[in-house]
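Heads up, the thing below is written out as structure tokens.
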Amino acid sequence: MKALRIWFACSFGLALSMVFGLDFGFLAILLPMFVLGNTDKFHLPMLIMVLISAIWTTIQMSLVWDLFKIYPFILVVLVGLVFVFKCLAMTKKTTFLVGYMGLIVGSIILNFSSYTFMDIEEMSITIWVYCALNIVICAIAYWLFPATPEAEQDQGDTGQSTVVYEKGQIFMVWFMAMLAFLTFQLLDLYDSASAHASILVILAPMTFTGALLMAKVRIVGTAIGCLLGLAMQLVLGLWFENAFLYWLLFTIAMGPLCLWQTQGKAKAAISFSAMAALSVPMTSALSPGEKDAFFAILYRFSSIFVAVVLSAVVIFLIQKLFETRHTSLASPEGSQ
């Protein structure tokens, strides 16, 4: 039942983004997937908090950019402080989505604010709409595919005592967000904007303490998502501009990934990375009604794969550093 609930929510979210012609359609897919994959009970206050967080973050980041864009050092310091608070919110399950969404939304707003041709106000409103639609999508999904009483009892009301991230992982998330921010500010990588979004999306869920396993999960998931996206383009071919066929094939491709969300932490993490790699370029770089050369599409997917692989390597090195430091402090020589 949970797999069907997630699958319906992802396909319904994609359909809504297409019907209303909204940009950043990956938010309509990844938001419901993340919420429904981590909860077995509809929790309206949490979803409202996510909406409020998105509104506050867009306003906050727009003001920070407008006021301090001519002072690069101050801008970087302020962004770093804002990201710290977003990351700290990710240490509790009750505020995890608030911090995680704030990190993604804030990074997207900052990245596109540096391009004068982007309408940041329109982008902000689009993000608000997605967060509001997420409430409707999740409500309908739970109504059509209700959770069993056993699942609700195991889940509890909100899971307030659950610690989602440890301190070392929080530093890792903050460091990766800042590294991505600085990289995309210093380099003209507008064509690889989907790669920036993918780096942030794969920062959750960090479900493994083993650094090598964590890196493998993200690389494998990203490879699967990229291959699915390229396969979609090859299968559709000249019919890619047919919106219904695009939605239908996208929904079919998402089926196994939604099923994996219910088959343990390893497959859930792989499926989320794969869904990010599939949905980000297919909804932001490509859209029905627009033809694109195969090699241009291959570039978009390859940029995402390279960005995620490099991110996974950095995550691996940081966690190894933490493990080495922890081991040295715990040893008799370190205690002396």
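The figures follow:
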item	result
Relative contact order for segment 1-63, counting Cα pairs under 8 Å that sit 6 or more residues apart, in percent	32
Solvent-accessible area of residue 66 with every protein chain in place, 1.4 Å probe, in Å² to the nearest 10	100
Per-residue HN-Hα couplings for segment 268-282 [Karplus 6.51, -1.76, 1.60; θ = phi - 60°; Hz; x = Gly/Pro]	5, 5, 5, 5, 5, 5, 5, 5, 5, 5, 7, 7, 4, x, 6
By accessible area with a 1.4 Å probe, ligands and nucleic acids excluded, highest first: order of 7, 65	7, 65
Karplus (6.51, -1.76, 1.60) ³J(HN,Hα), θ = phi - 60°, over segment 89-103, in Hz, Gly and Pro reported as x	5, 7, 8, 10, 5, 5, 10, 4, 4, 4, x, 5, 5, x, 5
Neighbourhood net charge (15 Å Cβ-Cβ; Lys/Arg +1, Asp/Glu -1) for residue 105	-2
Filter on 86/320; 41/92; 267/320; 41/216; 93/216; 2/41 - keep pairs with C-alpha separation over 20 Å	86/320; 267/320; 41/216; 93/216
Accessible solvent surface per residue of segment 28-104, calculated while the other protein chains remain in place, 1.4 angstrom probe, Å²	43
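The values are calculated or read from the model by the stated rules, or taken from the named source; none is laboratory data. Keep in mind that this is a model prediction, so the values were computed, not measured. With ideal geometry, Cβ positions are generated from the backbone for all residues, glycine too; neighbour counts draw on all protein chains shown. Just so you know, the surface numbers come from the protein's heavy atoms only, side chains and all, with ligands and any DNA or RNA stripped out. Shrake-Rupley method; radii C 1.70, N 1.55, O 1.52, S 1.80 Å.
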